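In what follows, a structure is listed as structure tokens, so that the remarks can point back to it.
The values are calculated or read from the model by the stated rules, or taken from the named source; none is laboratory data. Bear in mind the structure is a predicted one, so any value in this text is a computation, not a measurement. FYI the Cβ positions are ideal-geometry reconstructions off the backbone, even for glycines, and counts take in every protein chain you see. Only protein heavy atoms, including side chains, enter the accessible area calculation; ligands, DNA and RNA are left aside. Shrake-Rupley method; radii C 1.70, N 1.55, O 1.52, S 1.80 Å.
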Amino acid sequence: AQDYDSVKQLFDPRFDNSHPLAIVEAASAHDVKEAIVFARRFDLAARPRAGGHSYVGASTVSDGLVIDVGRIAATAYDAGSRLATVGAGARLYGVHAELAAHGRSIPTGTCPTVGAAGLTLGGGLGVDSRAYGLTCDRLRSLTVVTADGAIRTVDATRNRDLFWACRGGGGGNVGVVTSLTYATHPARSMGFFLVTFPWSAASRVVRGWGRRIRQMPRTSWMNLHLEAGSDGSTRIRVVGVCRAGDEGAEAAAVQRAVGVDGASVSTFQKSFLDGVSFLGGGTTSARQAFAAGSDVVAAMTQSLSRALPAVVAARAASHQPAAVILDPLTGAVRDVGVGATAFPWRRHLADIQWYVGLPRQPTAAQMSAAYGWIAAAHHAIGSASVGGYVNYLEPHQPIGRYYGANLGRLRRIKRLRDPDGFFRSAYTV
């Protein structure tokens, strides 16, 4: 058995000072049920944890009980239905490796150690979003243990309110998920196109990227990175994924959309699993301290295309690192109605992530500087932002900004399914 200090760790070492009274390493839905019954009996706060990647440490609690589903991690594929059933604690690389053996996949994010449940409950953006939608859009059923300790099957016909809430409503609100069943899609070789542009053309690059992600075929995807270095440098680049064979055409198309030649252009192909590993920086990921936040934008305006490079340049001028990453919300994400799931951003252009890497144990001054820059970034884009992405939570933001027009319905489901607020934190609805 592992010792307490290692078991209580989240991905971000900033939260190592949290001291749960106990961590239940559940191996089944029944274990989760017993943990909930125990916590209710002794009036303990309880928090579910899958991969432990919460940006705000929401999957731990001092003086309470952590219900860890990391051991519920098996992935099973049914060739007849082409459905995959995945344990809530399964990590993304492992899921991809299991499904790739059958020539199948599901759309996910890229970080290899993120847990399936947390990603899916918040929506699930990734390189397949334009082709196949969000991770939660592929959900067909779940097993959820609700606040009353009942083990429930949740799908389009049973517990339909929970099915709605579990597709974009965030973790820790309506229950503990133990199993998820998804519709799969083919796992194919990938083409990559990586284009770095001159920083002097940054505003044009931002505008051109915004145009191209509306026009490109659904089989293609690209995000945009604006980066500040601790040496005062700035960089702007796109990372693109497409069908193998299309990478040259896509690299040319984004340069045409921008109207500027890339300073460096790289195109190549990888097998499916090699592509997953490339995007994830390997098959696992080391623990990392960071501060982050997000904004969702509906359009790429002139003022926004100027504001984003300015925010990064200001950070670089202070010789502190940071990244701004724009992920598209176009393509298949828009095939689903705004109110059809709890994920609200179905008619928008992009999610913007503000990210600052930190030392393992950052000082108060470093934390203040990081979140200060993120606050300045929010201010700089102003009314262009309509909200944020719930999987990129940040402290001291109103929870409603992550749910848009769907907040009221989500809160009604929360009151119905958890009337006494058993699942509660600063980030529950």
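Quick notes on this structure:
- Sequence ranges 192-203, 88-99, 255-266, ranked by mean other-Cβ count within 10 angstrom, highest first: 88-99, 192-203, 255-266
- Here r is the Cβ-Cβ distance between T196 and A314 and R0 is 25 Å; the resulting FRET efficiency, rounded to 0.05, is 0.75.
- Normalised convex hull volume, the stretch 345-420, alpha-carbon set, Å³ per residue: 135 Å³
- Here the extension length gained between A100 and F42 equals 16.4 nm, from 0.36 nm per residue of separation less the Cα-Cα distance.
- Remark: the stretch 316-332, residue by residue, has Karplus-estimated 3J(HN,Hα) of 4, 5, 8, 6, 10, x, 6, 9, 10, 10, 9, 10, x, 10, 9, x, 5 Hz, where x stands for each Gly or Pro and the curve is 6.51 cos²θ - 1.76 cosθ + 1.60 at θ = phi - 60°.
- D_trans [Stokes-Einstein, Kirkwood Rh over alpha-carbon pairs] for the stretch 59-127, 25 °C, 0.890 mPa s, µm² s⁻¹: 191 µm²/s
- The phi-based Karplus calculation (6.51 cos²θ - 1.76 cosθ + 1.60; θ = phi - 60°) puts the 3J(HN,Hα) values of the stretch 227-234 at 10, 10, x, 5, 8, x, 7, 10 Hz, whole numbers, x for Gly and Pro.
- Directionally averaged projected area (the stretch 173-324, Cα convex hull): 11.8 nm².
- DSSP beta bridge pairing in the stretch 16-158, given as percent antiparallel to the nearest 5: 55 percent
- Based on protein heavy atoms only, the stretch 222-294 ends up with 41 Å² per residue of surface accessible to a 1.4 Å probe.
- Each 5 Å bin from zero up to the one holding the largest Cα-Cα distance in the stretch 319-367 carries the following percent of pairs: 5, 17, 17, 15, 10, 10, 11, 10, 5.
- Considering only A405, A364, A39, the Gaussian network model of the chain with Cα springs below 10 Å gives its largest mean-square fluctuation to A364.
- Under 19 Å from the Cα of K33 - lysines, other chains or at least 8 residues apart: K414
- With the alpha-carbon atoms of the stretch 253-347 aligned to their principal axes, the span from lowest to highest coordinate is 44, 40, 36 Å, starting with the largest.
- Within the stretch 163-184: backbone nitrogen closer than 14 Å to the S81 label point (7 Å, Cα to C-beta): 179-184
- Built from the Cα atoms of the stretch 294-393, the convex hull projects on average onto 7.1 nm², one quarter of its surface area.
- Over the stretch 141-186: Kirkwood hydrodynamic radius from C-alpha pairwise inverse distances, Å: 10.9 Å
- When Rg and the Kirkwood Rh are both derived from Cα coordinates, the Rg/Rh ratio for the stretch 81-186 amounts to 0.95.
- Over every Cα atom in the stretch 302-346, the radius of gyration and the widest Cα-Cα span, Dmax, amount to 15.9, 45 Å.
- Protection proxy ranking, peptides 244-250, 356-362, average beta carbon neighbours within 10 Å, highest first: 244-250, 356-362
- Simple spin-label estimate for F278 and L416 in nanometres, 7 Å along Cα-Cβ: 4.6 nm
- Computed over the alpha-carbon atoms, the stretch 1-142 gives an Rg to Rh ratio of 1.00, Rh here being the Kirkwood radius from the mean inverse distance.
- Two-site label geometry, Q2 and R214: point separation in nm, points 7 Å out along Cα→Cβ: 4.6 nm
- ³J(HN,Hα) computed for each position of the stretch 297-303 - Karplus, 6.51 cos²θ - 1.76 cosθ + 1.60, integer Hz, glycine/proline x: 10, 8, 7, 9, 8, 4, 5
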